[in-house]
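So the structure is just underneath, and the comments pick up after that.
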Amino acid sequence: LPGLLYERLDEFGIDYAVATLGTATTPEHIQLLMRSAPELVFCFDGDKAGREAAWKALETALPFVTGAQTLRFLLLPEGEDPDSFVRTRGKEAFESVLAKAEPMSEYMLRELTSRVNMRSAEGRAKFLQDAKPMLAQIKAPMLSLVLRKQSAGLGDVSQEELESRYGIKSVSRPR
C-alpha cells in the first residue's frame, strides 16, 4: 500500500501496519484496506483527537461493512501513539494490546452508551436516536440484525418496537 506504510513500526518488525499520515480515514482508504486484508484494526492515539479520529473512522467504515471482514478498534493509553508505544514497550507489548482490540460492534455500542445516562428513559431514548443512523448504514444483514437486537435490549424496548420506530420492515418468522 504505497504511501501508507507505517515506517516507524516497520523498523520494529511490524510490517503489516499502515497509516493515513495525518489525514482522516477516507472511504477510499477503507475500501482499499478491506480489499487487502480480512481483518482491520484501527489503532489511535489515546488523546481526545485520537478518540475523535477513531469515531470518524468508524462512521466512515460503516457503509462498507459486509460481514466478510473483521473490524476492531484500539485506543492506546493517554499520551501514547503507536510509535511511542512500540519504542518504549516493544513489539510484543504492542501486539498484546492489539490482540485485545475491541470489535467494531462493541466499540460502537460502548461509545454510544457512554454519551448518555442509560439509567434514564431520556438517556435510553437518546441512545436509540443516536444509534439509528449508524445501524442504518450497516449492510451486512446478520450483523445489522444482531446490532438491532442488542440496541433494543440496551434501550429497554423490544426489537419489534425498535424496528417499527426505525421504519424497518420486520422479517416474517417461520411458522
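The values are calculated or read from the model by the stated rules, or taken from the named source; none is laboratory data. Remember, predicted model here, so these are calculated numbers, not experimental data. Neighbour counts run over all protein chains shown; Cβ positions are idealised from the backbone, glycine included. Side chains are part of the model used for accessible areas, which takes the heavy atoms of the whole protein and leaves out ligands, DNA and RNA. Shrake-Rupley method; radii C 1.70, N 1.55, O 1.52, S 1.80 Å.
In a residue-by-residue description of region 102-122, the property of being charged (D, E, K, R), in a helix (DSSP H, G or I) and more than 17 Å from the chain's Cα centre (by Cα) applies to at least one position.
Tell me, please, whether a residue that is under 23 Å from LEU145 (Cα atoms) and part of a helix (DSSP H, G or I) can be found in region 63-82. For region 63-82, residues under 23 Å from LEU145 (Cα atoms) and part of a helix (DSSP H, G or I): present.
Would you point out the residue of region 49-87, among those that are hydroxyl-bearing (Ser, Thr, Tyr) and at pLDDT below 90, that is farthest from the chain's Cα centre (by Cα)? Only one residue fits best here, namely SER84. When the criteria are applied in full, GLU102 meets the requirement of being closer than 19 Å to GLN150 by Cβ and surrounded by 13 or more Cβ atoms within 10 Å (Cβ to Cβ). Within region 123-151, the set of residues being open to solvent by 50 Å² or more (accessible area, probe 1.4 Å) and assigned to a loop (DSSP other than H, G, I, E, B) comprises LYS139 only.
Cβ-Cβ distance below 7 Å, separation of 6 or more or different chains: which pairs start in region 45-73 with a residue that is of a type in the set (Val, Ile, Thr) and end on one that is assigned to a loop (DSSP other than H, G, I, E, B)? Between residues of region 45-73 that are of a type in the set (Val, Ile, Thr) and residues that are assigned to a loop (DSSP other than H, G, I, E, B), the close pairs are THR60/THR25; THR60/THR26; VAL65/ILE138; VAL65/LYS139; VAL65/ALA140; THR66/LYS139; THR66/ALA140; THR70/PRO38.
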